[in-house]
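Beneath this line is the structure, given in structure tokens, with notes to follow.
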Amino acid sequence: MTTTTLAPHEALILSRVISPEEPAMAQAVAEEFLRWSFSEADRKRMSELAAKARAGALAPAEAEEADAYERVSSFLGLVKSKARCSLKSRVSQ
């Protein structure tokens with residue numbers, strides 16, 4: 001099995017574990033997670049890989065790298081969603 005086949009399952013499992021819609025994260029932790037982001041070099045690399053993918057010119061190693069960026073991005077999105085939800089619930093209390 002390839003990592004691309006597993007990625008959707010990983011995302012679903014992580015979503016259940018993290019429960020991004022439940023505001024259970026401490027404020028300091030939530031604020032720290034919201035500061036996490038890709039470096040400029042990583043954003044540039046993701047853009048390069050996306051352009052190559054659109055052109056159908058990704059080498060196998062590049063496809064694996066693009067998949068890894070996608071998985072990390074999905075994880076980061078889930079964590080940040082939970083962080084935003086946690087901070088929002090504190091404001092509305």
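Laid out as a table, the results:
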| read-out | value |
| --- | --- |
| Net charge contributed by nearby residues that have their C-beta within less than 15 Å of Leu34 (K/R +1, D/E -1) | +4 |
| D_trans [Stokes-Einstein, Kirkwood Rh over alpha-carbon pairs] for the stretch 11-93, 37 °C, 0.692 mPa s, µm² s⁻¹ | 229 µm²/s |
| Relative contact order of the chain, defined on C-alpha pairs under 8 angstrom at six or more residues apart (%) | 56 percent |
| Selected from Phe75, Pro60, Pro23, residue furthest toward positive end of dipole (the chain; charges at beta carbon) | Pro23 |
| Rh (Kirkwood; distinct C-alpha pairs) - the stretch 32-75, Å | 11.1 Å |
| Among 34-41, 20-27, the order from most to least packed when residues are scored by Cβ within 10 Å on average | 20-27, 34-41 |
| Probe 1.4 Å, all protein chains present, accessible-area order of Leu58, Leu76, largest first | Leu58, Leu76 |
| Residue-averaged [θ]222 nm for the chain, counting only DSSP H segments that reach four residues, each worth -39500 (n - 2.57) | -26000 deg cm²/dmol |
| The stretch 32-93 - accessible surface per residue (Å², probe 1.4 Å) | 67 Å² |
| Acute angle (nearest 10 degrees) that the helix 60-91 long axis makes with the longest principal axis of the chain, alpha-carbon atoms | 10 degrees |
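The values are calculated or read from the model by the stated rules, or taken from the named source; none is laboratory data. Just so you know, these numbers come straight off a predicted model, no measurement behind them. Heads up, the Cβs are rebuilt from the backbone with ideal geometry, glycines too, and the neighbour counts pull from every protein chain shown. In case anyone asks, the SASA skips ligands and DNA or RNA and just uses the protein heavy atoms, side chains included. Shrake-Rupley method; radii C 1.70, N 1.55, O 1.52, S 1.80 Å.
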